[in-house]
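Participant: So that we are looking at the same thing, I have put the structure below in structure tokens.
The values are calculated or read from the model by the stated rules, or taken from the named source; none is laboratory data. Nothing here was measured: the structure is a model prediction, and the numbers come from that model. Glycine also receives a Cβ, built like all others from the backbone with ideal geometry; neighbour counts cover every protein chain displayed.
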Amino acid sequence: MKSLQKLLPFLTLILLFVALVIASPHFLTATNLSSVVRQTAVINIMALGMTIVIISGGIDLSVGSILGLSGIAGTMAMAHGASIAAGIAIGILTGLVCGMLNGIMITKLRIAPFIVTLGTLGIYRGIALIISNGLPVNKLPQGFSFLGEGNILGIPFVLWLLVLCALAVHFLLEHTRLGRYAFAIGSSTAAAVYAGIPVSFYTTAVYAIGGLLTGLAGMIEASRLMTGQPTAGFGYELQAIAAVVIGGGSLRGGEGSVVGTLVGAFIMGLLSNGSDLLGISNYVQQVVIGAVIILAVAVDELRKRRLV
């Protein structure tokens, strides 16, 4: 049963890919596949950060707002004369700080992650709207578009970035103390405390890393649009969480993997792309994503009940 559950996301991705090849002659083209990669890169990178958070037993509902605020901060810096590198760095740093604040409030105030990040979802979005006056940030350096739309060796630059981020997060989870402690905290916070793990510090670090990756995703989104949108990332938190859950992560904590998350994100990316090619409404896509989340969580719960 456990082996089947691990293979299910991969089988689903393969079947979905084959079905779209058959259903649409436009799917298996270089232009469309490149578009799929660029469209899903943002959610993929966000989902990698969410993977660490969920493994540690937490959840971050504010990532969509962090993405919007990071994009606004970075593009405003460039619009006011900062270099492209400095603007990207400011955007990433903004995400890091937002994630760190989430972690500090969760650990110091001892409030459930769901409540804290639900609150900061509104706070960060409000800040983005306040500092931008609700208006998009334009007149960005043309070279900034390379981050989201450029190619290296004929391969989208964002795919190179995604691979680097995935390798970094995989190494972090499998070969560092932070990764081992994240699994331990997610499996049992009480046991982690008794084992002498500084839970508050590592929980804050986990949210900070999630925020950093979301900040990078925010700059990629801004680069693709060549504008900073204060409303960017609306609803992305649902997609990031869905990618982790579909990929085998458990909302109870202690389980999850980079490969599974990437597969989950690409499943949603193919669903979205296939729906567009086949003329299926975006509203239907939202229904499908919600149903898939419930199904994935239900399968996880059934498996755990059988193990008890």
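Participant: Only residues that are among the aliphatic types (A, V, I, L, M) and on the phi > 0 side of the Ramachandran plot: list them for the stretch 222-246, please.
Facilitator: Here is the first cut: in the stretch 222-246, the ones among the aliphatic types (A, V, I, L, M) are 222, 225-226, 232, 238, 240-246.
MET226, the sole residue that qualifies.
Participant: Could you figure out which of (1) farther than 20 Å from ILE84 by Cα; (2) surrounded by fewer than 13 Cβ atoms within 10 Å (Cβ to Cβ); (3) not aromatic (Phe, Trp, Tyr) isn't true of ALA166?
Facilitator: (2)
Participant: Could you list, in sequence order, the residues of the stretch 276-292 that are without any contact (Cβ under 8 Å) to a residue 12 or more places away in the chain and closer than 15 Å to VAL36 by Cα?
Facilitator: Within the stretch 276-292, just ASP276 meets the criteria.
Participant: Residues in the stretch 204-255 that are under 15 Å from GLY57 (Cβ atoms), modelled with pLDDT of 95 or more and among the polar types (S, T, N, Q): how many?
Facilitator: So the count comes out to 1.
Participant: Right, VAL259: surrounded by 14 or more Cβ atoms within 10 Å (Cβ to Cβ) and either at pLDDT 90 or above or in contact with a strand residue (DSSP E or B) (Cβ under 7 Å, 6 or more places away or on another chain) (or both) or not? If you could, list the steps in order and put the result at the bottom.
Facilitator: Working: surrounded by 14 or more Cβ atoms within 10 Å (Cβ to Cβ): yes; either at pLDDT 90 or above or in contact with a strand residue (DSSP E or B) (Cβ under 7 Å, 6 or more places away or on another chain) (or both): yes.
In short, yes.
One line per residue, one yes/no per condition, for (1) touching a strand residue (DSSP E or B) at 6+ places or on another chain (Cβ under 8 Å); (2) small (Gly, Ala, Ser); (3) crowded, with 21+ Cβ neighbours inside 10 Å:
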| position | (1), (2), (3) |
| --- | --- |
| GLY64 | no, yes, yes |
| THR75 | yes, no, yes |
| SER83 | no, yes, no |
| LEU96 | no, no, yes |
| GLY99 | no, yes, yes |
| ILE106 | no, no, yes |
| LEU118 | no, no, no |
| GLY126 | no, yes, no |
| ASN133 | no, no, no |
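Participant: Any residue in the stretch 147-166 that is touching a Lys or Arg at 6+ places or on another chain (Cβ under 9 Å) and farther than 20 Å from MET46 by Cβ?
Facilitator: no
Participant: Only one of LEU69, LEU16, LEU7, LEU61 is in a helix (DSSP H, G or I) and under 16 Å from the mean Cα position of the chain (by Cα); which? Walk me through how you get there before you give the answer.
Facilitator: On the way: LEU16 fails: under 16 Å from the mean Cα position of the chain (by Cα); LEU7 fails: under 16 Å from the mean Cα position of the chain (by Cα); LEU61 fails: in a helix (DSSP H, G or I).
Step by step, each of LEU69, LEU16, LEU7, LEU61 is checked, and only LEU69 is in a helix (DSSP H, G or I) and under 16 Å from the mean Cα position of the chain (by Cα).
Here's the yes/no breakdown for (1) polar (S, T, N, Q); (2) crowded, with 21+ Cβ neighbours inside 10 Å; (3) touching an Asp or Glu at 6+ places or on another chain (Cβ under 8 Å):
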{"position": "ALA79", "(1), (2), (3)": "no, no, no"}
{"position": "ASN102", "(1), (2), (3)": "yes, yes, yes"}
{"position": "ILE115", "(1), (2), (3)": "no, no, no"}
{"position": "VAL137", "(1), (2), (3)": "no, yes, no"}
{"position": "GLY154", "(1), (2), (3)": "no, no, no"}
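Participant: State which residue is farthest from ALA243 (Cα to Cα) when the search covers only the stretch 169-196 and only residues that are surrounded by 12 or more Cβ atoms within 10 Å (Cβ to Cβ) and β-branched (Val, Ile, Thr).
Facilitator: VAL193
Participant: LEU178: within 26 Å of THR227 (Cα to Cα), assigned to a helix (DSSP H, G or I), touching a residue at least 24 places away in the same chain (Cβ under 8 Å) and not small (Gly, Ala, Ser), yes or no?
Facilitator: Values: within 26 Å of THR227 (Cα to Cα): no; assigned to a helix (DSSP H, G or I): yes; touching a residue at least 24 places away in the same chain (Cβ under 8 Å): yes; not small (Gly, Ala, Ser): yes.
In short, no.
Participant: Moving on. Report, by residue number, each residue of the stretch 139-152 that is surrounded by 13 or more Cβ atoms within 10 Å (Cβ to Cβ) and in contact (Cβ under 8 Å) with a residue 60 or more places away in the chain.
Facilitator: Within the stretch 139-152, LEU140, PRO141, PHE144, SER145, PHE146, LEU147, GLY148, GLU149 meet the criteria.
Participant: Would you point out the residue of the stretch 26-46, among those that are under 15 Å from LEU159 (Cβ atoms) and aliphatic (A, V, I, L, M), that is surrounded by the fewest Cβ atoms within 10 Å (Cβ to Cβ)?
Facilitator: Selected residue: ALA30.
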